[in-house]
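These notes concern the structure reproduced below.
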Amino acid sequence: MNTTLTAILLGIVEGLTEFVPVSSTGHLILASELFGYDAAQWAMFNVVIQLGAILAVVYQYWTTFWNAGMGVLKLESEGLRFARNIILAFVPSAILGLALKDYIDIMLGSPSIVAWALIIGGIAILGIEKVANPRGDTKVADLPMKQVIGVGLAQCLAMVPGVSRSGATIMGALAMGINRKTAAEFSFFLAVPTMIGATTLELIQKGDELTAGTMTVGWYEIAIGFAVSFVVALVVIRAFVAYVSKHGFAPFAWYRIVIGAAAVAWLALR
């Protein structure tokens, strides 16, 4: 496949799937199997274009981040609580991610793990939707520490490719009684330090490729993927919150189950 077309395709996949509970990493892994390109050659590309999706969150919620930042500088309680909650939820995955990175990298090479994680995750979403009892309309800054830490621990499940970082955090939040809108927005906000941290670690470890100019996929393709993922993610973020606030997450669960089952069958028959 033409490298420019591959860059556009992967940028679309990243933007469509990063912030909805279907696993962007899982989709990128399955895409490499389906379209036959060398996933190792595009590994750096996949890492960098995540920043395009992150930029979409910052752009969409710029006022929230700005007010929180100014609140921290002025030692205002709401800004400090917002920063505290994001940091507390980020810490568990940061610690485990560093400790287990070698095992995570091994799992990233297994499409079958992705396929089964999609199915199991879809079933889990359906179950949580049935038993969850979201209450009130609490803002992220007002969430109690118990719920915040619970969401942070739930995010650790996403180290298994195919689980979905957004899916784990949103479902963890729902299971603890947080309403759908706040659960989705908390997942978006938490994605910023989590994905920046993961991307920075990856860039440090693969810095030789950057400085030596030995990347098999060039900056032209990376720029295209970055731009595409930003635009697509921005559209998805705006539509996603409005949709799930009214309709819930069941359609995403069934999508996961269907795609996962199709992937299991395809991997078994190829």
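Assorted remarks:
- Accessible surface of the stretch 131-248, 1.4 Å probe: 65 percent of it comes from carbon and sulfur atoms.
- Val258/Ile8 FRET efficiency (R0 25 Å; Cβ-Cβ; nearest 0.05): 0.50
- All-pairs Cα distance distribution in the stretch 5-62, expressed in whole percent, bin size 10 Å: 23, 56, 18, 3
- D (Stokes-Einstein, µm²/s), Kirkwood Cα radius, the stretch 8-133, 1.567 mPa s at 4 °C: 75 µm²/s
- The chain, accessible area per residue, ligands and nucleic acids excluded (1.4 Å, Å²): 47 Å²
- In the chain, the longest principal axis of the Cα atoms and the axis of helix 111-131 are about 20 degrees apart.
- Under the convention that each Lys and Arg Cβ holds +1 and each Asp and Glu Cβ holds -1, the size of the dipole of the stretch 122-270 around its Cα centre is about 600 debye.
- Per principal axis, descending, Cα span of the stretch 137-209 in whole Å: 47, 24, 19
- Separation of the alpha carbons by more than 32 angstrom is noted, of Lys74/Lys181; Lys74/Lys130; Lys146/Lys246; Lys74/Lys101, for Lys74/Lys130; Lys74/Lys101.
- The portion of the accessible surface of the stretch 2-117 made up by carbon and sulfur, rounded to a whole percent, is 69 (1.4 Å probe; DNA, RNA and ligands excluded).
- Surrounding net charge for Pro21, when Lys and Arg each add one and Asp and Glu each subtract one, Cβ distance under 13 Å: +1
- Cα pair distances in the chain, grouped into 10 Å bins until the bin that holds the longest one, percent each: 7, 30, 37, 20, 5, 0, 0
- Using only side-chain charges placed at the Cβ, +1 for Lys and Arg and -1 for Asp and Glu, the dipole size of the chain relative to its Cα centre rounds to 900 debye.
- Within the stretch 9-114: Cβ-based charge dipole about Cα centre, in debye rounded to nearest 20 (Lys, Arg +1; Asp, Glu -1): 400 debye
- For the stretch 100-163: rounded, prolate or oblate by the Cα gyration tensor [a/c cutoff 1.5]: oblate
- Distance between the C-alpha centres of the stretch 79-115 and the stretch 26-78: 14 Å, rounded to the whole angstrom.
- Sum of -39500 (n - 2.57) over DSSP H runs of 4+, divided by residues of the chain (222 nm, nearest 500): -26000 deg cm²/dmol
- Straight-distance crosslink candidates among aspartates and glutamates, where the alpha carbon sits under 19 Å from Lys139 and sequence neighbours closer than 8 are dropped: Glu76, Glu78, Glu185
The values are calculated or read from the model by the stated rules, or taken from the named source; none is laboratory data. Just so it is clear, the model here is predicted, and its values are computed rather than measured. All Cβ positions, glycine included, derive from the backbone under ideal geometry; neighbour counts span all protein chains shown. Only protein heavy atoms, including side chains, enter the accessible area calculation; ligands, DNA and RNA are left aside. Shrake-Rupley method; radii C 1.70, N 1.55, O 1.52, S 1.80 Å.
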